[in-house]
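To start, the structure itself, in structure tokens.
The values are calculated or read from the model by the stated rules, or taken from the named source; none is laboratory data. Bear in mind that the values here come from a model prediction, so they are computed numbers and not experimental data. Here Cβ is always computed from backbone atoms with ideal geometry, including for glycine, and neighbour counts include all displayed protein chains. Accessible surface areas use protein heavy atoms only, side chains included; no ligands, DNA or RNA. Shrake-Rupley method; radii C 1.70, N 1.55, O 1.52, S 1.80 Å.
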Amino acid sequence: MDSGYIRVVNVVATCNLNCDIDLNVLKEKVPYLEYNVKRFNGGILKMKFPKTTILLFRNGKVVTTGAKNSKIALRSVRKIVKHLQKLGIVCLISAFKIVNIVATSNIGKKIQLEKIYKPPIVIYEPELFPAAIYQENNSKLKGLIFSSGKIIITGFQEEIHIKPFFKRLLQSIKE
């Protein structure tokens, strides 16, 4: 079974800017800020470079999503902070934390999910979900294995742990 190429597709991070932000005022100054309190209680900033989405909350909490690695996630937050500081908002990044990394792979061949069912490590309940779920010791780390050969890996906070987890997943599903 080919190990496939693993590609990080989304890094989600949080932090605090240690300030209060009036999103109504900010919306007037930042035309690309989407803010409609009736739909969502945070401001949404879709950045072109780095290509990420920032959720900005009144209490200074920030969520960034869409980055392809941890450095890009931090870079996007730093860019927003610089912009806010230019607008006169005193803020400082603290408690930056990666909360989830999602990676994908394709092993290049079809997988018969019924054959890899090995509770409690590999669960497959087709009436509930179309993929088999690989999970070690009830951890937050999961591998979603689709019959097409595509695999989604999620729950990581450090990119360095993805490849070893993926290797164990492949070992577990060998037919």
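Got a sec? Which of Thr53, Thr104 is at pLDDT 95 or above, within 30 Å of Gln171 (Cα to Cα), surrounded by fewer than 18 Cβ atoms within 10 Å (Cβ to Cβ) and not charged (D, E, K, R)?
Numbers: Thr53 fails: within 30 Å of Gln171 (Cα to Cα).
Residue meeting the stated conditions: Thr104.
For segment 162-172, does any single residue satisfy the condition of being on the phi < 0 side of the Ramachandran plot and under 15 Å from the mean Cα position of the chain (by Cα)? Yes: segment 162-172 contains one or more residues that are on the phi < 0 side of the Ramachandran plot and under 15 Å from the mean Cα position of the chain (by Cα). Entry remark, segment 133-161: residues being more than 13 Å from the chain's Cα centre (by Cα), among the β-branched types (Val, Ile, Thr) and open to solvent by less than 70 Å² (accessible area, probe 1.4 Å) number 3 in total.
With a cut-off of at least 3 residues that are under 30 Å from Tyr134 (Cα atoms) and either touching an Asp or Glu at 6+ places or on another chain (Cβ under 8 Å) or hydroxyl-bearing (Ser, Thr, Tyr) (or both), name the strands (runs of 3 or more DSSP E) lying wholly within segment 16-121. Steps first, answer last, please.
Details: elements: 43-47, 52-56, 61-67, 94-106.
The qualifying strands (runs of 3 or more DSSP E) are 94-106.
I'd like the full set of residues that are surrounded by 16 or more Cβ atoms within 10 Å (Cβ to Cβ) and farther than 13 Å from Phe166 by Cα, limited to segment 107-122. Result: Ile111, Leu113, Ile116, Ile121, Val122.
The rows are residues; the columns are (1) in contact with a His (Cβ under 9 Å, 6 or more places away or on another chain); (2) in a helix (DSSP H, G or I); (3) modelled with pLDDT of 95 or more; (4) outside the structural domain of Arg78 (by the TED database).
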position: Glu127; (1), (2), (3), (4): no, no, yes, yes
position: Pro130; (1), (2), (3), (4): no, no, yes, yes
position: Ile133; (1), (2), (3), (4): no, no, yes, yes
position: Ser139; (1), (2), (3), (4): no, no, no, yes
position: Leu144; (1), (2), (3), (4): no, no, yes, yes
position: Ser147; (1), (2), (3), (4): no, no, yes, yes
position: Ile151; (1), (2), (3), (4): no, no, yes, yes
position: Gly155; (1), (2), (3), (4): no, no, yes, yes
position: Phe165; (1), (2), (3), (4): no, yes, yes, yes
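Taken as a whole, the structure leaves Lys79 outside the set of residues that are farther than 24 Å from Phe40 by Cβ and either in contact (Cβ under 8 Å) with a residue 24 or more places away in the chain or aromatic (Phe, Trp, Tyr) (or both).
Exactly one condition in (1) among the aliphatic types (A, V, I, L, M); (2) more than 21 Å from the chain's Cα centre (by Cα); (3) modelled with pLDDT of 95 or more is false for Met1; which is it? The failed condition is (3).
Restricting attention to segment 16-43, and to residues there that are of a type in the set (A, V, I, L, M) and without any contact (Cβ under 8 Å) to a residue 24 or more places away in the chain, which single residue is farthest from Thr64 (Cα to Cα)? Outline the logic, then answer.
Restricting attention to segment 16-43, the residues satisfying the condition of being of a type in the set (A, V, I, L, M) are 17, 21, 23, 25-26, 30, 33, 37.
Filter again for without any contact (Cβ under 8 Å) to a residue 24 or more places away in the chain, leaving 25, 33, 37.
Details: Val25: 21, Leu33: 14, Val37: 19 Å.
Ranking the candidates gives Val25 first.
A residue that is hydrophobic (A, V, I, L, M, F, W, C), surrounded by fewer than 16 Cβ atoms within 10 Å (Cβ to Cβ) and under 27 Å from Glu159 (Cα atoms) occurs somewhere in segment 5-26.
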